[in-house]
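The values are calculated or read from the model by the stated rules, or taken from the named source; none is laboratory data. Small disclaimer: the values here were computed from a predicted structure and weren't measured. When we count neighbours, we look across all protein chains shown, and the Cβ atoms used for this are built from the backbone with ideal geometry, even at glycine.
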Amino acid sequence: MKKTMLCALALTAALSALYATGGRDAGDAAALRPFKLGHLNSTAHLLAFVAQEENFFRDEGLDAELIQFSSASELAAGLESGKLDVAFIGSVPIITFQATGHDLTIFGGAMTNGHGYVIKSNLVPPGFQEGDITVFRGRNVASVRNSVQDFELLVLLRNAGLTPGVDVNIVYFASQTEAYNALQNREIDGVSVYSPYASRARDEGYTVVYYCNEKEEFHDQPCCRQVAYTPALNANPDLYLAAERALIRAYRFSQQDRGRTVDHVSKYIPLRRDLVEYEVYGGHSVSRPDPDKQATVALKEGVVEFGYTNDYNIEPLYNTAIYRRALEGLAGENPGDPVYRDLLAHFNQYE
């Protein structure tokens, strides 16, 4: 009897240890590699949130820590200082960082589209139709310098024949949070937004001027990219392969379980659940891990042509091999899986 009880206690202890480590034994848990990922206060970075909450990072051998930052420059500094292994950084800022000599490599994606601008509703004239950028004529608009939103606004103003500083006054802030909070000031009339600030703005009574995915100029515009410090990426390719596998698995999960995906995102982004769901599944953005090299290179060429930054050779700073290896590995392990099949088709078409 005593022996039976001891065996039962031993089994209970072993199971408790197994559950506590997400299915790995204590030795496996101790062998996990430290991994730090930097993100913004955005629902669009759901791949990281889902990978963490569903233990995909742990399954791939990583002891992951997610760290929120407020700006692209802070994320880039975190990579270069070794405080971060991966950061989700906007496409325009990473292009300008690369153009100015920062040794940072794009190796995956995090979000396509998902940003735009809003205005105080009392300033909207009768008959206003969403998408009409001329509503900003004579207005003070808050934005973030060296951001996708800023570049898009400048392009749309030019296309509408409006001159920044003359027809529209752009007031720059250090972060999206600061820019959005400036709407509380009487002097600020409109502001740039990315997910989830658009939903928050509409919920607080502001009017959406445009979503970028609805503008012909920015259809399928790559936004946040997975970025690493190039020497670290080259020295530890297996670390980044493991991380990429976890993020691809997170994308697959997001396509199959909307309820739990919204739960996970809500844990990191404090916003009403229905607003989180709209930002994630409302059609204005896609959180996809594909590097989308063709689209990003095209954006780089457009940014250079516009005069937003200097030209440079992006090829040495764009790595698609890690994503390819991770995706092909998962597809091989899960033959016939429709999500992995679609990701492979997308990658093969747009690499």
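In a helix (DSSP H, G or I), surrounded by 14 or more Cβ atoms within 10 Å (Cβ to Cβ), under 15 Å from the mean Cα position of the chain (by Cα) and of a type in the set (A, V, I, L, M) - does that describe any residue in region 267-288? Scanning region 267-288 turns up at least one residue that is in a helix (DSSP H, G or I), surrounded by 14 or more Cβ atoms within 10 Å (Cβ to Cβ), under 15 Å from the mean Cα position of the chain (by Cα) and of a type in the set (A, V, I, L, M). Residues in region 213-266 that are modelled with pLDDT of 95 or more, among the charged types (D, E, K, R) and surrounded by 15 or more Cβ atoms within 10 Å (Cβ to Cβ): R225, E244, R245, R249, R252, D263.
Say we look at region 186-210 and pick out the residues that are of a type in the set (A, V, I, L, M) and touching a residue at least 60 places away in the same chain (Cβ under 8 Å); which of these is surrounded by the most Cβ atoms within 10 Å (Cβ to Cβ)?
Taking region 186-210 as the starting set, the residues that turn out to be of a type in the set (A, V, I, L, M) are 188, 191, 193, 198, 201, 208-209.
Filter once more, so that each one left must be touching a residue at least 60 places away in the same chain (Cβ under 8 Å): 191, 193, 198, 201, 208-209.
Working: V191: 28, V193: 25, A198: 25, A201: 23, V208: 18, V209: 25.
Among them, the one singled out is V191.
Which one of the conditions (1) in the same structural domain as D290 (by TED's automatic domain parsing); (2) in a loop (DSSP other than H, G, I, E, B); (3) in contact with a Pro (Cβ under 8 Å, 6 or more places away or on another chain) does N146 fail to meet, given that it meets all the rest? Only one criterion in (1) in the same structural domain as D290 (by TED's automatic domain parsing); (2) in a loop (DSSP other than H, G, I, E, B); (3) in contact with a Pro (Cβ under 8 Å, 6 or more places away or on another chain) is unmet by N146, namely (1).
Quick one: would you say T96 is within 30 Å of A235 (Cβ to Cβ) and in a helix (DSSP H, G or I)? Considered against the rule, which asks whether it is within 30 Å of A235 (Cβ to Cβ) and in a helix (DSSP H, G or I), T96 comes out as yes.
Results for (1) surrounded by fewer than 20 Cβ atoms within 10 Å (Cβ to Cβ); (2) more than 20 Å from the chain's Cα centre (by Cα); (3) under 16 Å from Y251 (Cα atoms); (4) at pLDDT below 95, shown as yes or no for each residue.
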{"site": "D290", "(1), (2), (3), (4)": "no, no, yes, no"}
{"site": "Y312", "(1), (2), (3), (4)": "yes, yes, no, no"}
{"site": "R324", "(1), (2), (3), (4)": "yes, no, yes, no"}
{"site": "G336", "(1), (2), (3), (4)": "yes, yes, no, yes"}
{"site": "A345", "(1), (2), (3), (4)": "yes, yes, yes, no"}
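Just a yes or no: is a residue in region 95-111 touching a residue at least 40 places away in the same chain (Cβ under 8 Å), buried (at least 17 other Cβ atoms within 10 Å of the Cβ), in contact with a His (Cβ under 9 Å, 6 or more places away or on another chain) and not β-branched (V, I, T)? Taking every residue of region 95-111 in turn, at least one turns out to be touching a residue at least 40 places away in the same chain (Cβ under 8 Å), buried (at least 17 other Cβ atoms within 10 Å of the Cβ), in contact with a His (Cβ under 9 Å, 6 or more places away or on another chain) and not β-branched (V, I, T).
If you check N181, N213, N234 for being closer than 19 Å to T320 by Cα and part of a helix (DSSP H, G or I), only one passes: N234.
Filtering region 224-261 to residues that are among the hydroxyl-bearing types (S, T, Y) and touching a Lys or Arg at 6+ places or on another chain (Cβ under 8 Å) leaves only Y251.
Against the test of being surrounded by 22 or more Cβ atoms within 10 Å (Cβ to Cβ), modelled with pLDDT of 95 or more and in a strand (DSSP E or B), the options A64, A51 yield a single qualifying residue, A64. Report yes if A242 is among the aliphatic types (A, V, I, L, M) and under 28 Å from P338 (Cβ atoms), otherwise no. It is true that A242 is among the aliphatic types (A, V, I, L, M) and under 28 Å from P338 (Cβ atoms).
Select, from D150, D167, the only residue that is in contact with a helix residue (DSSP H, G or I) (Cβ under 9 Å, 6 or more places away or on another chain), of a type in the set (D, E, K, R) and crowded, with 16+ Cβ neighbours inside 10 Å.
Working: D167 fails: crowded, with 16+ Cβ neighbours inside 10 Å.
Checking each option against the conditions leaves just D150.
All of (1) of a type outside the set (A, V, I, L, M, F, W, C); (2) under 16 Å from T112 (Cβ atoms); (3) at pLDDT 95 or above hold for S285 with one exception: (3).
Just to check your reading of the model, which residue among V135, V191 is modelled with pLDDT of 90 or more and either outside any helix (DSSP H, G or I) or within 20 Å of Q221 (Cα to Cα) (or both)? Reasoning before the result, please.
On the way: V135 fails: either outside any helix (DSSP H, G or I) or within 20 Å of Q221 (Cα to Cα) (or both).
After ruling out the rest, the residue left standing is V191.
Given the conditions (1) surrounded by fewer than 17 Cβ atoms within 10 Å (Cβ to Cβ); (2) over 30 Å from A201 (Cβ atoms), which single one is not true for Y340? Just one mismatch for Y340, condition (1).
Determine whether V118 is in contact (Cβ under 8 Å) with a residue 24 or more places away in the chain and either within 17 Å of N159 (Cβ to Cβ) or out of contact with any strand residue (DSSP E or B) (no Cβ under 6 Å at 6 or more places or on another chain) (or both).
On the way: in contact (Cβ under 8 Å) with a residue 24 or more places away in the chain: yes; either within 17 Å of N159 (Cβ to Cβ) or out of contact with any strand residue (DSSP E or B) (no Cβ under 6 Å at 6 or more places or on another chain) (or both): no.
Considered against the rule, which asks whether it is in contact (Cβ under 8 Å) with a residue 24 or more places away in the chain and either within 17 Å of N159 (Cβ to Cβ) or out of contact with any strand residue (DSSP E or B) (no Cβ under 6 Å at 6 or more places or on another chain) (or both), V118 comes out as no.
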